[in-house]
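Notes for the one structure printed next.
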Amino acid sequence: MDQDHMNRDKRPDIQAGGDTHQTAGDGRPRMTTAQGTPLSDGQNSLKQGARGPTLMEDFLFREKIFHFDHERIPERVVHARGYGAHGFFETYESLSELTSADLFQRAGERTPAFVRFSTVAGNKGSADLARDVRGFAVKLYTQQGNWDIVGNNIPVFFIQDAIKFPDLIHAAKEAPDRAFPQAQTAHDNFWDFMSLMPEAIHMVMWIMSDRAIPRSFRFMEGFGVHTFRMVNAEGEARFVKFHWKPKQGLQSVTWPEAVGINGADPDFHRRDLWEAIQFGDLPEWELGLQVFDDEFANRFAFDILDPTKIVPEEEVPVRRVGRLVLDRVVDNFFAETEQVAFHTGNIVPGIDFTDDPLLQGRNFSYLDTQLKRLGGPNFTHLPVNAPKCPFHHFQQDGHMAMANPSGRANYEPNSWSGAEGGPREDPTGFQSVPVAAPGPKVRERSESFADHYSQARQFYISQTPVEQAHMAAALVFELSKVEHPEIRARLVGHLRHVNEELAGEVCDGLGMDMPEAPVPAREPIPDLPPSDALSILKNGPNCFAGRKLGILLSDGVDIDQVEALLAAVRGAGAIPAIVAPRIGGVKASDGTEIGAQECIDGGPSVLFDAVAILLSEGGAGNLAEKHAARVWLADAFAHGKFILYNDASRPLFDAAKLPLEPDEGMMVMGDGMPRQFLDRCAALRFWGRMR
Ligand code: HDD
């Protein structure tokens with residue numbers, strides 16, 4: 001590692017060695033130890049004779065192995081697997097009437113941002129398509145300090161009080177005695193805990209929906225979850241909920257696809273984000289605010305401090321106030337994505353907390369965890385965590401201090417004058433909203449948190465029939481992995497309060513009798529109206545842009561068809577991925593060589609949003625003989641994918657035993673067809689085939 005490279009643009013105080021560190025000739029820098037000592041031999045340790053023992057004096061060997069031995073840091077106790085990128089937030093219009101937060105004062109102002117997406121339960125090396133909540137953590141480097149919105153892709157949470165968080169996470173992660181299953185909630189401990197915590201049932205509905213298996217980070221929403229406050233320069237405070245709305249629309253995969261993707265490409269989500277940014281198809285989200293006041297909070301049917309509840313968008317519309325664009329992948333995964341430290345307590349003047357007991361607990365937890373994970377209190381010295389605005393304080397020393405304040409005064413008040421005296425408070429700096437908090441000291445859950453089923457039901461009835469069917473199937477799958485029937489029964493008992501039909505379908509699927517419903521802590525509200533905002537399919541993309549078409553080709557394929565298809569795919573802003581029998585590619589009808597991104601075995605159709613099959617007659621005959629090719633097509637069909645094909649490819653369809661009559665999700669290549677086909681693909685899947 002050369003120092004110049006290591007510190008590019010980030011540590012101007014450390015200079016590269018200059019000419020003395022260049023090797024003669026090829027311009028590559030000279031290899032050194034971490035102390036800067038040049039090496040003449042990095043291939044052999046120092047030994048007493050070529051076959052003799054390694055010597056203790058070999059400081060080159062010792063330093064290298066010492067550093068290697070210490071490469072790992074503790075992974076995050078939750079959200080261990082994640083992927084980050086840089087970008088910016090751009091404010092659409094001044095929000096000074098609402099908040100004094102600096103980033104919202106001027107239309108068009110851009111604030112640098114870093115975003116880390118994650119799964120929750122799996123370890124660092126787990127697969128991307130686990131059924132799980134996704135973290136959506138945003139660090140905004142504002143001119144008045146770093147503001148972190150540490151959210152998820154689901155707007156509610158499992159528990160109402162942070163004191164239950166360790167129990168929740170213990171129950172969700174692998175069982176401590178056997179260390180499995182990893183990155184799965186389909187096990188007794190998780191469902192035991194869920195079934196004993198009625199407050200979790202609303203969130204259970206969300207994680208059993210396809211929200212928990214997103215197509216990619218680009219196609220999911222983000223939520224701040226809690227109610228926060230925005231405060232303007234006059235000190236007027238209003239409540240606010242934060243939303244990130246993907247401009248790409250919402251999209252998820254189906255469970256059988258998730259299972260396949262995890263095997264074929266466990267890095268599916270991180271690869272997708274990396275490719276989109278590298279290829280210039282920059283993902284964007286709009287920041288949405290639901291703003292409301294005490295009057296609304298008092299008449300709302302639920303407590304706005306309860307993190308297991310949403311505020312329906314029909315009741316308080318989402319106002320879109322800016323856009324978040326991710327435009328740069330990290331230079332180094334560890335330095336940035338692994339070492340980035342989010343904290344709900346990182347807020348700025350103009351933003352404030354509420355008394356949501358989950359948020360209050362989080363404000364304690366995040367600093368604590370960074371101390372453990374990053375090894376000391378100076379993690380704000382790391383470039384990804386450091387503010388990008390000027391900062392001055394008297395904090396000093398500690399492990400790895402890199403930016404101690406300069407000057408003589410390291411305390412205040414002091415009587416030193418001018419710059420020598422160091423920073424002073426400014427009355428316009430952060431001030432908490434002076435909220436009165438009367439009441440005795442108690443360990444109690446507020447009565448206003450007691451309705452656990454009404455919004456769970458509202459979520460369920462807001463889904464399309466396809467989505468409802470996916471939820472029932474997910475519940476059957478998950479509970480089928482639970483060994484203890486009494487846990488299954490307890491959970492299904494709760495479902496009866498959500499929807500009797502759903503409970504019945506799950507009972508059917510599991511082969512069990514309908515259990516008793518538990519006595520609810522509070523009678524649910526029977527008639528909350530459905531909310532379209534809660535469905536993925538009602539908020540899907542309106543075109544095929546940004547998604548991937550897998551194109552299976554064979555030697556001898558009609559070059560005109562290939563060119564027409566590729567032009568249409570590019571014109572639609574979609575990504576073509578050529579799949580060939582061999583990775584060396586194919587030779588088309590006119591001898592043109594077409595390179596392949598994948599061979600059939602390495603690029604199964606589950607990796608694509610839709611597929612096209614353009615073959616020559618000979619090619620189709622050959623592929624009909626190949627198991628992998630038949631499975632490629634049969635899977636695409638079974639997963640409800642839209643399929644474009646040419647006449648010559650028919651033998652492969654016959655060999656894959658697909659119905660001779662094509663359904664409406666299958667289209668034959670012809671004039672104008674690529675465009676029509678791609679328009680059709682906006683609908684995600686041909687659901688009619690999957691009944
Ligand atoms: Fe948390 C990480 C989101 C409740 C304690 N949390 C973490 C991350 C996200 C969330 C996105 C990963 C940040 C990153 O990418 O580095 N957490 C949430 C949301 C919650 C929530 C949306 C509920 C609304 N979390 C929650 C509670 C506690 C924690 C109640 C503890 C009382 N969370 C942590 C943590 C983590 C964390 C242990 C692990 C790694 C880290 O903080 O940096 O402190």
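Descriptive notes on the structure:
- Heavy-atom SASA rank of 399, 226 (probe 1.4 Å, accessible area, largest first): 399, 226
- Student exercise, the range 543-690 dipole from Lys, Arg, Asp, Glu Cβ charges, in Debye to nearest 20: 540
- With all protein chains in place and ligands, DNA and RNA left out, the 1.4 Å accessible area ranks 238, 131, 72, 650 as 72, 238, 650, 131, largest first.
- Beta bridges per DSSP with both ends in the chain, % antiparallel, nearest 5: 75
- Peptides 65-71, 47-53, ordered by how many other C-beta atoms sit within 10 Å of their residues on average, highest first, read 65-71, 47-53.
- Over all other residues within a Cβ to Cβ distance under 11 Å of residue 285, the charged ones net out to +2, with Lys and Arg as +1 and Asp and Glu as -1.
- Here each label is just a point 7 Å from Cα along the line to Cβ, and for residue 391 and residue 48 those points are 5.2 nm apart.
- Pairs from 241/441; 173/309; 548/657; 245/657; 548/626 whose Cα-Cα separation, in the structure shown, is over 32 Å: 245/657
- In the context of the full protein assembly, residue 411 retains an accessible surface of approximately 110 Å², using a probe radius of 1.4 Å and ignoring ligands and nucleic acids.
- Kyte-Doolittle mean at least 0.5 and Cα axial length at least 27 Å: DSSP H helices in the chain: none
- The figure for residue 637 is an accessible area of roughly 40 square angstrom, using a 1.4 Å probe on the protein chains alone.
- Helix-only CD estimate at 222 nm, as mean residue ellipticity for the chain, using -39500 (n - 2.57) per DSSP H run (n ≥ 4): -7500 deg cm²/dmol
- Estimated at 0.36 nm per residue, the fully extended path between residue 424 and residue 521 surpasses their Cα-Cα distance by 29.7 nm.
- For the chain, the spherically averaged projection of the C-alpha convex hull amounts to 39.9 nm².
- Placing 354, 464 in order of accessible area, with the largest value first and a 1.4 Å probe, yields 464, 354.
- If R0 is taken as 45 Å, the Cβ-Cβ distance between residue 410 and residue 72 corresponds to a FRET efficiency of 0.85.
- Sorted largest first, extent of the range 191-324 alpha carbons per principal axis (Å): 53, 44, 21
- Each of 543, 581, 597 was placed along the dipole of the range 543-690 (beta-carbon charges, centred on the mean Cα), and the one lying farthest toward the positive end is 543.
- Spherically averaged projected area of the range 66-108 from its Cα convex hull (nm²): 6.0
- Full-stretch length increase - residue 315, residue 664 - with 0.36 nm per residue and alpha-carbon distance subtracted: 121.8 nm
- Here, the range 314-363 has an Rg and a Dmax of 15.9, 44 Å when only alpha carbons are counted.
- Accessible surface of residue 522, taken over heavy atoms with a 1.4 Å probe and every protein chain present, rounds to 90 Å².
- Dipole magnitude (debye, nearest 20) for the range 408-490, charges at Cβ of Lys, Arg, Asp, Glu: 240
- Angstrom value of the Kirkwood radius, inverse mean 1/r, which spans all Cα pairs in the range 543-690: 14.8
- Charged-residue dipole, Cβ positions (Lys, Arg, Asp, Glu), the chain about Cα centre, Debye nearest 20: 1020
- Summary of packing: across the peptides 512-521, 332-341, the per-residue average of other C-beta atoms within 10 Å ranks them, highest first, as 332-341, 512-521.
- Whole-number D in µm² s⁻¹ for the range 291-392, Kirkwood Cα-pair radius fed into Stokes-Einstein, 37 °C, 0.692 mPa s: 192
- When only alpha carbons are used to place a centre, the range 499-558 and the range 153-227 end up 17 Å from one another.
The values are calculated or read from the model by the stated rules, or taken from the named source; none is laboratory data. Being a predicted model, the structure only gives us computed values, none of them experimental. Ideal geometry is used to build each Cβ from the backbone, glycine not excepted, and the neighbour counts take in all protein chains shown. Side chains are part of the model used for accessible areas, which takes the heavy atoms of the whole protein and leaves out ligands, DNA and RNA. Shrake-Rupley method; radii C 1.70, N 1.55, O 1.52, S 1.80 Å.
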